[in-house]
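Everything on this sheet refers to the single structure shown next.
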Amino acid sequence: MTAVLLFWLAALFILYTYAGYPALIGLLAKRRAPPACALLDNASLPRITVVMAGYNESARLPGKIANLRALDYPQDKVEILVVSDGSTDDSAHVLDDIAGVRTLSYAQRQGKAYALNLALGEVQTEFVVFCDVRQDLEPGAARRLISDFCDPAVGAVSGELVHRPSGTQTGQSIGLYWRYEKAIRKAESRFHSTVGATGALYAIRTRDFAPIPPDTILDDFEIPMHITRMGKRTLIAPQAHVYDVLQTESAAEKKRKIRTLTGNFQTFSRNFWLFSPVQNPVWFQFLSHKVFRLIVPYALIITLLTSALIPGAFYRVAFLLQATFYLLAAAGQWIPATRHNKVVSFAHVFFDMNAAAILALLKFLSGRADAKWEKT
């Protein structure tokens with residue numbers, strides 16, 4: 001009887017996390033009116049500072065500056081501040097001759113959070129736009145972000161990360177995950193507020209920024225969530241596109257995921273208020289979207305083991321279906337040619353994403369969490 005109860009509790013938990021919550025937040029979002037902020041004209045747009053931190057990005061920086069200069073935003077209202085985080089290439093000097101761009105640099109690499117804290121001490125504009133060096137912004141992205149601050153209840157606005165098509169089946173499976181994830185975030189945004197922002201592009205009022213611990217892994221989680229705690233909303237601006245390329249192999253995406261989820265554990269451990277429905281205005285979204293995803297891998301293990309132990313045809317079929325799914329995932333891991341198959345590719349990516357949650361917890365508990373990110 002205990003095994004049966006465990007099986008159904010775990011199975012329903014998985015079902016709620018992956019399907020029930022997305023469906024529920026989608027229905028709740030439809031009951032809310034869409035945001036009514038119109039695009040601001042040039043005269044109404046405020047001055048902004050675009051802040052980027054990078055490590056050894058000298059090859060990409062000139063192109064990124066050109067991308068920012070092509071924004072549909074009055075250039076006399078755009079300041080650009082680049083922080084070279086202990087770069088050993090020419091990042092600190094490659095922009096010296098470009099007007100309107102300031103560079104801060106230091107010798108020892110510290111991580112993105114340290115760089116952002118340093119940069120925000122230099123920002124004088126009303127708004128700051130955070131972005132990364134790698135991705136390209138579409139011309140109207142900054143105007144859309146800033147226009148959404150017409151509502152004083154809005155404290156942060158995130159862009160929409162758009163992935164360019166992938167040439168591999170694994171990349172397409174990863175893209176499917178991201179489309180699913182974005183649909184949830186858009187629903188959360190319309191309902192009330194997303195849980196964090198998209199690190200590739202988001203904006204806040206400069207006065208709302210509070211320095212974060214310099215070893216923080218996820219600035220795009222901690223900064224917006226502290227603003228949310230103040231009673232303000234974090235939105236996604238679907239028209240504010242920022243373009244990136246998908247990982248083509250699951251191993252690289254798994255590495256990125258482990259780092260992100262390790263950052264989640266770090267933030268949880270430092271901000272217990274997140275778990276309080278009194279102190280966290282997005283407590284429901286936080287638990288359902290962030291916390292429950294980290295528990296799903298253990299629920300998957302429980303459903304597999306209990307279905308193997310419980311007598312009865314239903315549980316035998318359930319066990320065989322799960323075992324088959326994991327065998328397909330194993331095939332994707334050990335026989336690369338099988339990844340061209342959609343089902344194998346999906347199983348492989350799904351398994352890796354859930355394994356990443358377990359590995360991230362182990363990494364966090366071991367004390368090996370590092371704010372410095374190595375490129376994949």
- [ ] Tell me, yes or no, whether segment 165-184 has at least one residue that is open to solvent by less than 10 Å² (accessible area, probe 1.4 Å), touching a helix residue (DSSP H, G or I) at 6+ places or on another chain (Cβ under 9 Å) and in a strand (DSSP E or B).
- [x] no
TODO: Output the residue which, of all residues in segment 102-111 that are in contact (Cβ under 8 Å) with a residue 60 or more places away in the chain and out of contact with any helix residue (DSSP H, G or I) (no Cβ under 9 Å at 6 or more places or on another chain), is least open to solvent (accessible area, probe 1.4 Å).
DONE: Gly111
- [ ] Pairs only if they're at least six apart or on different chains, beta carbon under 8 angstrom, first in segment 31-42 and open to solvent by less than 100 Å² (accessible area, probe 1.4 Å), second among the charged types (D, E, K, R) and assigned to a loop (DSSP other than H, G, I, E, B); list them, first residue then second.
- [x] Pro35/Asp151; Cys37/Asp151
Task: Leu28 in contact with a Lys or Arg (Cβ under 6 Å, 6 or more places away or on another chain), farther than 18 Å from Val157 by Cα and either touching a residue at least 60 places away in the same chain (Cβ under 8 Å) or not in a helix (DSSP H, G or I) (or both) - done: no
- [ ] Would you check if there is a residue in segment 198-217 being part of a loop (DSSP other than H, G, I, E, B), within 13 Å of the chain's Cα centre (by Cα), at pLDDT below 95 and among the hydrophobic types (A, V, I, L, M, F, W, C)?
- [x] yes
Open item on the list: For segment 83-101, check the following and say yes or no: at least one residue is under 27 Å from the mean Cα position of the chain (by Cα), outside any helix (DSSP H, G or I), surrounded by 15 or more Cβ atoms within 10 Å (Cβ to Cβ) and modelled with pLDDT of 95 or more.
Closed with: yes
Task: Unique match (being open to solvent by 30 Å² or more (accessible area, probe 1.4 Å), touching a residue at least 24 places away in the same chain (Cβ under 8 Å) and among the aliphatic types (A, V, I, L, M)) among Ile335, Ile358 - done: Ile358
Open item on the list: Restricting to segment 112-152, and then to whatever is under 20 Å from Tyr73 (Cα atoms) and among the polar types (S, T, N, Q), can you tell me which residue is surrounded by the fewest Cβ atoms within 10 Å (Cβ to Cβ)?
Closed with: Gln124
Task: Complete set of residues in segment 43-71 that are small (Gly, Ala, Ser) and in a loop (DSSP other than H, G, I, E, B) - done: Ala43, Ser44, Ser58, Ala59, Ala70
TODO: Considering only segment 224-336, give the helices (runs of 4 or more DSSP H) lying wholly within it that have at least 3 residues that are closer than 30 Å to Ala3 by Cα and among the β-branched types (Val, Ile, Thr).
DONE: 292-309
Open item on the list: Tell me yes or no: at least one residue of segment 239-253 is charged (D, E, K, R), more than 24 Å from Ser189 (Cα to Cα) and crowded, with 21+ Cβ neighbours inside 10 Å.
Closed with: yes
TODO: Look at Ala115 and say whether it is part of a helix (DSSP H, G or I) and more than 17 Å from Lys64 (Cα to Cα).
DONE: yes
TODO: Test Thr17 against the criterion of being closer than 27 Å to Arg205 by Cα and modelled with pLDDT of 95 or more, and give yes or no.
DONE: no
- [ ] Among what's in segment 60-82 and is within 18 Å of Arg143 (Cβ to Cβ) and of a type in the set (D, E, K, R), pick the residue that is least open to solvent (accessible area, probe 1.4 Å).
- [x] Lys77
Task: Count of segment 263-318 residues which are open to solvent by less than 70 Å² (accessible area, probe 1.4 Å) and more than 20 Å from the chain's Cα centre (by Cα) - done: 14
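The values are calculated or read from the model by the stated rules, or taken from the named source; none is laboratory data. Please read all numbers here as calculations on a predicted model, not as lab measurements. Note that each Cβ is placed from the backbone with ideal geometry, even for glycine, and that neighbours are counted across all protein chains shown. The protein model used for the area step is the full one, side chains on, heavy atoms only, and it has no ligands, DNA or RNA in it. Shrake-Rupley method; radii C 1.70, N 1.55, O 1.52, S 1.80 Å.
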